[in-house]
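> Let me give you the structure first, and then I'll get to my questions.
The values are calculated or read from the model by the stated rules, or taken from the named source; none is laboratory data. Fair warning: this is a prediction, and the values are worked out from it, not measured in the lab. Using ideal geometry, Cβ is built from the backbone for each residue, glycine included, and neighbour counts are taken over all protein chains shown.
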Amino acid sequence: MSNDTETQQLLDKITLDLKQLLKEKSISDPLMIGIHTGGAWVAKELHTMLAIKEPLGLLDISFYRDDFSRIGINPQVKPSKLPFNLDNRHIVLVDDVLHTGRTIRAAMNELFDYGRPAAVYLVTLVERSGRELPIEANITGKHVELAANEHIKLNGPDNLSLIIQKV
């Protein structure tokens, strides 16, 4: 689907759109949080491109997933790192692919366990068909329609690129 150049173009588009959103909302000091794994890679790029002062936060939502009892624990669980207070702050939550909405629901559950943000803005590199929960990104790089047997994956962390796989 994508090469490194196209992925960089999506990151550039998201950066411009996010700058505009922050300007419209008069937000000068947002907190950025990436969802492990792909969302963290995208967030790292955006954090640098936007020169955000606060450190980058990272969420591993493995224990918050609603399918935890069905699929078991991810063997690569890492601790979440939120080196700041979330209360009354504007959060930019970043993920690589928005599909069913369940990852974002789990991430928001975890965020609210840490505090009560003023607002949460969702940014995704790609949004695909198949939503199961009423969750929508504020900013997305690209929308793709995929067949039920297709899956989109972000490769990285260096030279980020998107690929479509048959499952």
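> Of the residues LEU160, LEU111, LEU154, which is closer than 18 Å to ASP60 by Cα, touching a helix residue (DSSP H, G or I) at 6+ places or on another chain (Cβ under 6 Å) and either hydroxyl-bearing (Ser, Thr, Tyr) or in contact (Cβ under 8 Å) with a residue 12 or more places away in the chain (or both)? So that I can check it myself, show each step before the final result.
Working: LEU160 fails: closer than 18 Å to ASP60 by Cα; LEU111 fails: touching a helix residue (DSSP H, G or I) at 6+ places or on another chain (Cβ under 6 Å).
Only one candidate qualifies: LEU154.
> Taking the condition at pLDDT 95 or above, more than 17 Å from the chain's Cα centre (by Cα) and farther than 22 Å from LEU10 by Cβ, does ALA118 pass?
Against the criterion (at pLDDT 95 or above, more than 17 Å from the chain's Cα centre (by Cα) and farther than 22 Å from LEU10 by Cβ), ALA118 qualifies.
> May I pose another question? Limited to the stretch 118-135, what total is found for residues that are under 23 Å from MET49 (Cβ atoms) and either surrounded by 20 or more Cβ atoms within 10 Å (Cβ to Cβ) or in contact with a Gly (Cβ under 9 Å, 6 or more places away or on another chain) (or both)?
Number satisfying all stated conditions: 7.
> While we're looking at this one, here's another question. Looking at the stretch 93-117, which of the residues that are in contact with a Gly (Cβ under 7 Å, 6 or more places away or on another chain) and in a loop (DSSP other than H, G, I, E, B) is surrounded by the most Cβ atoms within 10 Å (Cβ to Cβ)?
HIS99
> Next question. Give the stretch 23-39 a look and list any residue that's in contact with a Leu (Cβ under 9 Å, 6 or more places away or on another chain), free of Cβ contacts under 8 Å to residues at least 40 places away in the same chain and part of a helix (DSSP H, G or I), or say none.
The answer is none; no residue qualifies.
> Still on this structure, I have one more. Can you pull out every residue in the stretch 125-151 that is in contact (Cβ under 8 Å) with a residue 40 or more places away in the chain, assigned to a strand (DSSP E or B) and within 30 Å of ASN88 (Cβ to Cβ)?
LEU125, ILE139, THR140, GLY141
> ALA43 is checked against (1) buried (at least 21 other Cβ atoms within 10 Å of the Cβ); (2) small (Gly, Ala, Ser); (3) touching a helix residue (DSSP H, G or I) at 6+ places or on another chain (Cβ under 8 Å) and fails just one. What number does that condition carry?
All conditions are met except number (3).
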